[in-house]
Amino acid sequence: MWGGRFAGGPDAIMEAINASIGFDKRLAPQDIEGSRAHAAMLAAVGILSDKDADAIREGLLTILSEIEAGEFTFSAALEDIHMNVEARLTELIGEPAKRLHTARSRNDQVATDFRLWVRAQCDEAEGLLEELLRALLAQAEAGADWVMPGFTHLQTAQPVTWGHHMMAYVEMVSRDLSRLRDARDRMNESPLGAAALAGTSFPIDRHATAEALGFDRPSANSLDAVSDRDFALEFLSVATISAMHLSRLAEELVIWSSAQFRFVTLSDRWSTGSSIMPQKRNPDAAELLRAKVGRIFGANVALLTVMKGLPLAYSKDMQEDKEQVFDAADNWLLSLRAMTGMVSDMSANREALRAAAASGFSTATDLADWLVRRLELPFREAHHVTGSLVAKAEAKGCDLPDLTLQEMQEVHAGITEEVFGVLTVEASVASRESYGGTAPAQVRAQIARWREVLG
């Protein structure tokens, strides 16, 4: 493609390091879509004859069908997907193929292809995030009033409900969805027509190609258009945060499905056994999902590192953008599907959840709040009294509700029989009626709100 300038061919190692067809062939559908839009525009403005444009269009469709059928031969000698398609187009239609590259460069071509590909991943991820939200909502609705322990530092803190816990993940995933939509809106500009870096002297219509490719507008600066990879970085950032959320839930599923917790049972579809221990039921899907995060985090850091020192406009370093994004996208979308499957199929053990909620002095805060409300103690004093009662119960080997009234009055004489009404886990969760609290009525209100949002 640059034979007029060079007398000799590249070294074999140079050819190997320079070739990208091994991975950028994934961009074939987008490359052909962009070329079709470019050819149609060239014909519309009179740069290309209708006859040549028709030949190019039909030739590109033939190439696409060959690729989809697995009949296309990709050549490393042709370096990338753009030259592979162009060479085959020349074989098919001859001279008109050589006119296709008028008023564009591989710089704006690859920027367009890659942006189209990332945009398509955004659309697929949006649907998967919505599916996960619905699966979490179904779990929350089923257990809106099932009491379970809430944790801080992985220590029993206060009783919450299963529904409330599931709704926490609804909020996380909804932010992922919001970030994804925001990133998609921002990336929806067309680089096509920016050419190598300075635009072109041909009278092209960039708005027409942008519209044909489903972009909101053409990019406003040709230098930025060919050198920008913010769209890929934003996609990776969204994927990174989302994968972190998935990993947190996966960690809980690993813990909860253990014999020590028995909070949930994962279905056979998402569990494996042991080759030597027949009793084992391993949460391998959750563990693998937890590990996938490393690859997604790594892709984000890798692309940031590639881009951090590049002057304007295009540099060959940017060829290293795609493999990281391809891998991260594959693993994020796979993780979303796996988590949705696990959440949809898992069964929560209501009895085990309730028993765990009732242990570990989980209603101590309710006792302190009662002392403030009924005895008008300052909270710090109520906290001290409650701590003393916890120590007494711990020494006796029982929980707070198992202390006698006399034992409580030994710590503070003002405590009455009424206190036992706030020491059950059911009373505790029912009392948390503040907006966003764990009271079943609040949980159901949030579920209804999200059902309406999702439609």
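Here the chain carries DSSP beta bridges of which approximately 80% are antiparallel, counting only pairs with both residues inside. Across the range 154-159, coupling constants 3J(HN,Hα) worked out from phi with the 6.51/-1.76/1.60 Karplus curve, θ = phi - 60°, read 6, 10, 4, 10, 9, x Hz, and Gly and Pro carry x. Return the subset of Lys98/Lys308; Lys98/Lys316; Lys51/Lys322; Lys25/Lys98; Lys280/Lys392; Lys292/Lys322 for which the Cα-Cα distance in this structure is over 30 Å, preserving the input order. Correct reply: Lys98/Lys308; Lys51/Lys322; Lys280/Lys392.
Helix 379-396 and the longest principal axis of the Cα set of the chain meet at an angle near 70°. Taken over the Cα atoms of the chain, the convex hull encloses 205 Å³ per residue. Comparing Ile415, Gln260, Gly59 along the charge dipole axis of the chain, the residue lying farthest to the positive side is Ile415, per the Cβ-charge model.
Ignoring ligands, DNA and RNA, what percent of the accessible area of the range 12-102 is carbon or sulfur (1.4 Å)? It is 53 percent, rounded to a whole number. Simple point charges give the picture: +1 on the Cβ of Lys and Arg, -1 on the Cβ of Asp and Glu, and for the range 82-192 a dipole about the Cα centre of about 480 debye.
Take the Cα of Met244, step 7 Å toward its Cβ, do the same at Phe72, and the gap between the two points is 3.8 nm. Taking amide H as placed 1.01 Å from N in the peptide plane, the amide H of Thr161 sits under 5 Å from that of Met148, each at least 5 places away or on another chain. Here's the picture: charge each Lys and Arg Cβ at +1 and each Asp and Glu Cβ at -1 in the chain, and of Gly309, Ala19, Gln319 the one pushed furthest to the positive end of that dipole is Gly309. Computed FRET efficiency, Cβ-Cβ of Val372 and Asp123, R0 51 Å: what is it to the nearest 0.05? With R0 = 51 Å, the Cβ-Cβ based efficiency is 0.45.
Distance between the modelled labels on Glu407 and Glu251, one decimal in nanometres: 3.6 nm (7 Å Cα→Cβ projection). Ranked from largest, the principal axis spans of the Cα set of the range 359-454 equal 54, 28, 21 Å. Per-residue ellipticity at 222 nm from helix content only, as computed over the chain with -39500 (n - 2.57) for each DSSP H run of at least four residues, stands at -20000 deg cm²/dmol. Between Val453 and Asp216, the modelled labels are 2.1 nm apart [label points 7 Å from Cα along Cα→Cβ].
Summed over the residues of the range 305-455 and divided among them, the accessible surface reaches 50 Å² per residue at a probe radius of 1.4 Å.
Computed about the Cα centre, the dipole magnitude for the chain is approximately 300 debye when only Lys and Arg (+1) and Asp and Glu (-1) carry charge, each at its Cβ.
The values are calculated or read from the model by the stated rules, or taken from the named source; none is laboratory data. For clarity, every value in this text was computed on a predicted model and none was experimentally measured. Here Cβ is always computed from backbone atoms with ideal geometry, including for glycine, and neighbour counts include all displayed protein chains. Just the protein is used for accessible areas: all its heavy atoms, side chains included, with ligands, DNA and RNA removed. Shrake-Rupley method; radii C 1.70, N 1.55, O 1.52, S 1.80 Å.
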